[in-house]
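Before anything else, here's the structure in question.
The values are calculated or read from the model by the stated rules, or taken from the named source; none is laboratory data. Quick caveat, the model's predicted, so the values are computed rather than measured. A quick note on method: Cβ atoms are made from the backbone with ideal geometry, for glycine too, and the neighbour counts reach across all protein chains shown. Each accessible area value is taken on the protein alone, full model and side chains, heavy atoms only, with ligands, DNA and RNA left out. Shrake-Rupley method; radii C 1.70, N 1.55, O 1.52, S 1.80 Å.
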Amino acid sequence: MLNLVLFGPPGAGKGTQSAKLIEKYHLIHLSTGDIFRANIKGETALGILAKSYMDKGYLVPDEVTIAMLASELSNHTEANGFIFDGFPRTSAQAIALDELLNSKGTSINLMLALEVEEEELRNRLLLRGKDSGRADDSNPDIIQKRIDVYNKETSPVKEHYSVQNKYIGIHGIGDIELIFKSLSAEIDKTI
Ligand code: ADP
């Protein structure tokens, strides 16, 4: 199995690169943000709860997010591997993911982290908000809140993979195809 964590701040390009990577490596894309948004659209209890955090730029509580991820994983027992996009976002989530994969006899191969500076992130998110209608991308204060939450709660997750020698930083500004090539080159070294 090939299990990748695609990491990076909001607006780093995780969704764009995930779409290309799943096609190339035949992996299942597990984006916690996408799953929450699907639940919001379907007006499920999970969606209503998640929305109350997402709209403010906060993280959905670990307990809820981890339970959701565990249930998604068990829906894909036949998978070749996974790309985790937007998960883990806290140290507790990283520990839970290791345990979950461990219990299935597998583990994370690599964390690929897209590195993009804050000014560029703010511009990209505002631009995306104009087209997507995502409430959390339309308000500069919420965008800043998400970047702050990333720096405080999510960024330490790098350390979790770094001590396991699985962390790789990739420059995330420039041509989408070139970034994809850099990601693919790192993956190809491990398979
Ligand atoms: P972005 O990377 O642009 O912020 P996402 O779609 O990954 O977009 O996430 C949108 C929102 O969904 C986050 O701001 C957060 O509120 C919630 N969310 C997504 N993944 C997680 C997670 N692993 N833990 C907690 N909250 C999450």
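Regarding L6, is this residue aliphatic (A, V, I, L, M), more than 15 Å from the ligand (Cβ to nearest atom) and touching a strand residue (DSSP E or B) at 6+ places or on another chain (Cβ under 8 Å)?
When the stated conditions are applied, L6 does not pass them.
Do we find that I187 is over 23 Å from F36 (Cβ atoms) and open to solvent by less than 50 Å² (accessible area, probe 1.4 Å) in this structure?
yes
Among the residues of the stretch 59-72, which ones are near the ligand (Cβ under 9 Å from one of its atoms) and either among the acidic types (D, E) or touching a residue at least 40 places away in the same chain (Cβ under 8 Å) (or both)?
Of everything in the stretch 59-72, those that are near the ligand (Cβ under 9 Å from one of its atoms) and either among the acidic types (D, E) or touching a residue at least 40 places away in the same chain (Cβ under 8 Å) (or both) turn out to be L59, D62.
Which residues, taken from the stretch 125-174, are among the polar types (S, T, N, Q), under 29 Å from K189 (Cα atoms) and in a loop (DSSP other than H, G, I, E, B)?
Of everything in the stretch 125-174, those that are among the polar types (S, T, N, Q), under 29 Å from K189 (Cα atoms) and in a loop (DSSP other than H, G, I, E, B) turn out to be S155, Q164, N165.
Taking the criterion of being among the polar types (S, T, N, Q) and near the ligand (Cβ under 10 Å from one of its atoms), would at least one residue in the stretch 73-80 satisfy it?
No, the stretch 73-80 contains no residue that is among the polar types (S, T, N, Q) and near the ligand (Cβ under 10 Å from one of its atoms).
Still on this model: If the requirement is being within 21 Å of Y150 (Cβ to Cβ), out of contact with any Lys or Arg (no Cβ under 6 Å at 6 or more places or on another chain) and not hydrophobic (A, V, I, L, M, F, W, C), which of these qualifies: E78, E43, E63?
On the way: E78 fails: within 21 Å of Y150 (Cβ to Cβ); E43 fails: within 21 Å of Y150 (Cβ to Cβ).
Only one candidate qualifies: E63.
Starting from residues that are within 16 Å of the ligand (Cβ to nearest atom) and among the charged types (D, E, K, R), keep the ones in the stretch 23-38 and report whichever is farthest from the chain's Cα centre (by Cα).
Applying the filter and picking the extreme gives R37.
Looking at the structure I just gave you, is K56 near the ligand (Cβ under 10 Å from one of its atoms) and either more than 13 Å from the chain's Cα centre (by Cα) or among the aromatic types (F, W, Y) (or both)?
yes
Starting from the stretch 174-191, take each residue that is under 13 Å from T16 (Cα atoms) and list its partners that are open to solvent by less than 90 Å² (accessible area, probe 1.4 Å) and among the hydroxyl-bearing types (S, T, Y), counting only C-beta distances under 7 angstrom and pairs at least six apart or across chains.
Correct list of pairs: I176/T16.
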